[in-house]
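For reference, the structure discussed in these notes is given below.
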Amino acid sequence: MITYNEAKILLSDNGQEQILQFWDQLDVDSQEKLLAQIETINFASINVMKDLLISKDEAGADSEFEPAAVIDFTEDERKASVEVGEDLLRSGKVGVLLVAGGQGTRLGFDGPKGAFLLGPISNDSLFAIHAHKIVALEKKYNTEIPYYIMTSQVNDAATRSFFEENDYFGLSKERVTFFVQGMWPALTPDGKIILDRKDHVFMSPDGHGGLLSALDARGVIKDMKIRGLNTIFFFQVDNALVDIADPAFIGVHHKENSEVSVKVCAKRDPSEGLGVVVNMNGRNAVIEYTELTDEQKNERLPDGELKYKYGSVAIHVFSVDFLEQESVASLPLHVAHKKVPYCNDAGESVSPNEPNAYKFEKFIFDAIPHAKKSINVVFAREDEFSPVKNAEGEDSPATAKRDMMEKFARWMKACGCGIPRYGGDGELIFKLEIAPDFALDVNDMKRKLPGNFTIDGDLLAK
Ligand code: UTP
């Protein structure tokens, strides 16, 4: 481990001596812990962050852009893509990658967000809902689907034990790989690293874009190659509706020789906080909602549609070769002004009421312009996207449960079942849940359901 004298030189070379401010008050254990933490800090990255604070030259929409082209399948195109995707699944070339390292601050749940219980009747957790889909896919296509889960130091141990306690939700343990993303310090406005305790530097996860360097650092790319994968389906933990390893999406990615593919849907309204897909200097990209002007957000085409209509919902397919290339490439940094707990000069820990520091994050979609070929594929949001972000209101557990049940109700209606509702077209009277093992899509459902019956109580099909 780094010695005290080495740490002192390193910190003074980088203008961060304040980290050792309480050294003389620490016992030997605490001193060792602090040295170990200092050793993990990449000061080259910290200096880039400092420069960014000074220059305010953040990544994003500094050049001209236009709305990106999108693929909106005809029924025949969808069928052709499904065939290609199903072949890929059967041949065992597809892996699934989940980013679950976030802190879930807005939801305010005590534990990894994936442990949040969401099944409308089963009370299954998000992790269980996703895992059951993978188990069902493996059965349907008689295949093996390796599952990679990115955690962070904030929730790694809790995530692993949640999987252990639940027997991996029926997944084959041998095909599940957990790996942790990196952590970064926060900086004061004048670029100083912050202690939150006398012996501890405040750190937080480096954003979902931290995935790329973690894939390299944790040997995940190597594992993907050893297992013979060429296609990776990527999603976020908070979307219960996600159609994991959707054959149409994987298929079109493959047919189009795309390196990264993006699922897009029409924005709910101009102010919805989705990043929009654009073409910038001949390359596809996603621009964060906050980087569009109000005029751009509201601009309409002659037919009345929003000019920047399509948003990315962070469902992607990546080629393994592209992930390998990007795992050693650098992504731009995004900066956010946040409330960060700190240790005052008296050595007391303080939780500020106002933003006092800057946190830095990398975003996965910043890799998209690096692709030689990337595509945007339109999907129906009501079938595949309903994230759990907030405790209440929009994008909350209540809306996600409602949207899950409405999706199942559409499947059942397509099978000829009667679905009673309040006032005829209001809310569902009974709760509905279809386990992935019973049906992964409406076609599975049509094969299983007798049709022509009306629901007269809560229904959990499994
Ligand atoms: P969000 O940006 O919604 O963040 O993450 P969050 O941490 O879940 O929630 P808030 O913003 O604190 O309320 C979108 C997805 O990216 C993952 C999350 O776990 C989620 O699946 N993520 C986010 C990471 O894996 N690492 C990060 O550093 C940030």
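Only one of the listed residues (G92, G111) is under 20 Å from S319 (Cα atoms), part of a loop (DSSP other than H, G, I, E, B) and either within 12 Å of the ligand (Cβ to nearest atom) or open to solvent by 10 Å² or more (accessible area, probe 1.4 Å) (or both). That residue is G92. Summed over the range 382-401, residues that are in contact (Cβ under 8 Å) with a residue 40 or more places away in the chain, of a type in the set (D, E, K, R) and out of contact with any Lys or Arg (no Cβ under 8 Å at 6 or more places or on another chain) total 1.
Return a yes/no flag: does the range 197-207 have any residue that is more than 14 Å from the ligand (Cβ to nearest atom), open to solvent by 10 Å² or more (accessible area, probe 1.4 Å), in contact with a Leu (Cβ under 8 Å, 6 or more places away or on another chain) and not in a loop (DSSP other than H, G, I, E, B). Checked the range 197-207: at least one residue is more than 14 Å from the ligand (Cβ to nearest atom), open to solvent by 10 Å² or more (accessible area, probe 1.4 Å), in contact with a Leu (Cβ under 8 Å, 6 or more places away or on another chain) and not in a loop (DSSP other than H, G, I, E, B). Among the residues in the range 417-433, are any open to solvent by less than 60 Å² (accessible area, probe 1.4 Å), under 27 Å from the mean Cα position of the chain (by Cα) and touching a residue at least 12 places away in the same chain (Cβ under 8 Å)? Yes: one or more hits. Selection of first residues in the range 14-36 that are without any contact (Cβ under 8 Å) to a residue 12 or more places away in the chain and of second residues that are open to solvent by 100 Å² or more (accessible area, probe 1.4 Å), restricted to Cβ pairs under 9 Å at least 6 apart or on distinct chains, gives the following pairs, ordered by first then second residue: E17/K8.
One residue stands out among those in the range 208-220 that are open to solvent by 10 Å² or more (accessible area, probe 1.4 Å) and over 12 Å from the mean Cα position of the chain (by Cα): the one that is farthest from the ligand (Cβ to nearest atom), which is G219. Considering only residues that are within 20 Å of the chain's Cα centre (by Cα) and free of Cβ contacts under 8 Å to residues at least 24 places away in the same chain, look in the range 112-156 and name the one that is nearest to L88 (Cα to Cα). Checked the range 112-156; the qualifying residue nearest to L88 (Cα to Cα) is D124.
The single residue among G170, G191 that is more than 16 Å from the ligand (Cβ to nearest atom), more than 16 Å from R218 (Cα to Cα) and open to solvent by less than 20 Å² (accessible area, probe 1.4 Å) turns out to be G191.
The values are calculated or read from the model by the stated rules, or taken from the named source; none is laboratory data. Owing to the predicted nature of the structure, the values given are computational and were not obtained by experimental measurement. In this analysis, Cβ positions are derived from the backbone assuming ideal geometry, glycine residues included, and neighbour counts consider all displayed protein chains. Accessible surface areas use protein heavy atoms only, side chains included; no ligands, DNA or RNA. Shrake-Rupley method; radii C 1.70, N 1.55, O 1.52, S 1.80 Å.
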